[in-house]
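Enquirer: Here it is, the structure, as structure tokens.
The values are calculated or read from the model by the stated rules, or taken from the named source; none is laboratory data. Predicted model, so just to flag it, every value in this text is computed and none were measured. When we count neighbours, we look across all protein chains shown, and the Cβ atoms used for this are built from the backbone with ideal geometry, even at glycine. Only protein heavy atoms, including side chains, enter the accessible area calculation; ligands, DNA and RNA are left aside. Shrake-Rupley method; radii C 1.70, N 1.55, O 1.52, S 1.80 Å.
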Amino acid sequence: MEPFTRVTGILVPLDRVNVDTDQIIPKQFLKRIERTGFGPFLFYDWRRNGDFILDRPAYRGASVLVTGANFGCGSSREHAPWSMLEAGFRVVIAPSYGDIFKSNSYRCGLLPVELLEHEVRKLTDMALQEPGIEITVDLVDRRVAGGEFAAAFDIDPFFRECLLNGWDEVALTLRDETEIARYEADRSTELPRTA
């Protein structure tokens, strides 16, 4: 996974609450076994109706999404944050998230930032009033800033370290590769081999 330190990018508002993972990436696109190929189907049902906010010229190329409470609720599909990353998003800002979506996001390199409702409202209004406005999300300093807006955010220290270093579960395991190899070499030959 790509390390995350800070992102400066266009802020796009999705002024909705309770956006579930089936709205983020509909079930008919989950037949792939790779982690790629989902980006074009992000918010598919809303986009095909026309004039969806992500398709407006001022928001094209956005890398930061600001949205309402309980974003990513519903089923536990990892495909939701994968599709967002592939579509160019690195950050989602909301007052709250579905627990599994939030966990999956951390594990694939999408940063879910939680701000207070009034702060999210201010960002949403800024993005609606000034389409194309850029915002900076700094994981090192745990700050969101742009225009006249600035706010701090909290993040679990473990996931912060993983994001800063680009560590997914495989990378975390490989940090202990020497100890794993030593253990395997010293195991009793009567036990099953793992290699």
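Enquirer: Place a +1 charge on the Cβ of each Lys and Arg in the chain and a -1 charge on the Cβ of each Asp and Glu, then give the dipole magnitude about the Cα centre in debye, rounded to the nearest 20. Write down the numbers at each step before the final one.
Expert: Values: 23 positive and 31 negative charges, 111 e Å.
Dipole size: approximately 540 debye.
Enquirer: May I ask you to work out the translational diffusion coefficient for segment 64-166 at 20 °C, viscosity 1.002 mPa s, via Stokes-Einstein with Rh from the Kirkwood sum over Cα pairs, reported in whole µm²/s? Walk me through the intermediate numbers first.
Expert: Values: Rh = 13.9 Å.
Estimated via Stokes-Einstein, D reaches 154 µm²/s.
Enquirer: Ranked from the most accessible area to the least, with a 1.4 Å probe and all protein chains present, what is the order of Met126, Met84? If you can, show how the numbers build up before the last one.
Expert: Details: Met126 30, Met84 0 Å².
Largest accessible area first, the list is Met126, Met84.
Enquirer: What share of the DSSP beta bridges in segment 25-167 is antiparallel, in percent to the nearest 5? Please list the in-between numbers first.
Expert: Working: 7 of 15 bridges.
Roughly 45 percent of the beta bridges in segment 25-167 run antiparallel, per DSSP.
Enquirer: Additional query: Which residue, Val7, Pro26, Pro192, has the largest displacement toward the positive end of the dipole of the chain when charges sit on each Cβ (Lys, Arg +1; Asp, Glu -1)?
Expert: Going by the Cα projections, it comes out as Pro26.
Enquirer: Nothing charged except the Cβ atoms of Lys and Arg (+1) and of Asp and Glu (-1): what's the magnitude of the dipole of segment 44-91 about its Cα centre? Round to the nearest 20 debye. All intermediate terms of the calculation are to be shown ahead of the outcome.
Expert: Details: 6 positive and 5 negative charges, 18 e Å.
Dipole size: approximately 80 debye.
Enquirer: Using a 1.4 angstrom probe on the protein heavy atoms only, could you order His118, His79 from most to least accessible area? Don't jump to the answer; show the numbers that get you there.
Expert: Numbers: His118 130, His79 35 Å².
The most accessible residue leads, giving His118, His79.
Enquirer: Next question. Would you mind telling me the share, in percent, of accessible area of the chain contributed by carbon and sulfur at probe 1.4 angstrom?
Expert: Details: 5140 of 10440 Å².
Percent of accessible area from carbon and sulfur atoms in the chain: 49.
Enquirer: With N residues in the chain, what two-decimal value do you get for its Cα radius of gyration over 2.2 N^0.38 Å? Working shown, then result.
Expert: Values: Rg = 19.0 Å, N = 195, 2.2 N^0.38 = 16.3 Å.
Normalised by 2.2 N^0.38 Å, the Cα Rg of the chain equals 1.16.
Enquirer: Note the per residue figure in Å³ for the convex hull of the C-alpha positions in segment 141-195.
Expert: Values: hull volume 5.3 nm³, N = 55.
It is 97 Å³ per residue.
Enquirer: Rounded if a/c is under 1.5, else prolate if a/b is larger than b/c, else oblate: which is segment 8-94, with a ≥ b ≥ c the root eigenvalues of its Cα gyration tensor? Please report the intermediate quantities before stating the final value.
Expert: Details: a/c = 1.44, a/b = 1.30, b/c = 1.11.
It is rounded, given that a/c, with a ≥ b ≥ c, falls under 1.5.
Enquirer: If you don't mind, there's one more thing I want to ask. Cut-off 10 angstrom, C-alpha nodes, Gaussian network model of the chain. Which of Thr136, Thr173, Thr67 fluctuates the most?
Expert: Most flexible of the set in this elastic network: Thr173.
Enquirer: Separation between the Asp45 and Thr5 pseudo-spin-labels, each 7 Å from Cα along Cα→Cβ, expressed in nm?
Expert: Label-label distance for Asp45 and Thr5, simple model: 4.1 nm.
Enquirer: Another question, then. Using +1 on the beta carbon of Lys and Arg, -1 on that of Asp and Glu, and nothing else charged, what's the dipole of segment 44-149 about the Cα centre, debye to 20? Each step should come with its number before you reach the end.
Expert: On the way: 12 positive and 15 negative charges, 55 e Å.
In debye, rounded to 20, segment 44-149 gives about 260.
Enquirer: Whenever you get a sec, line up Arg56, Arg90 from highest to lowest accessible area (probe 1.4 Å, protein heavy atoms). Don't skip to the answer; put the middle values down first.
Expert: On the way: Arg56 90, Arg90 45 Å².
Output order, biggest surface exposure first: Arg56, Arg90.
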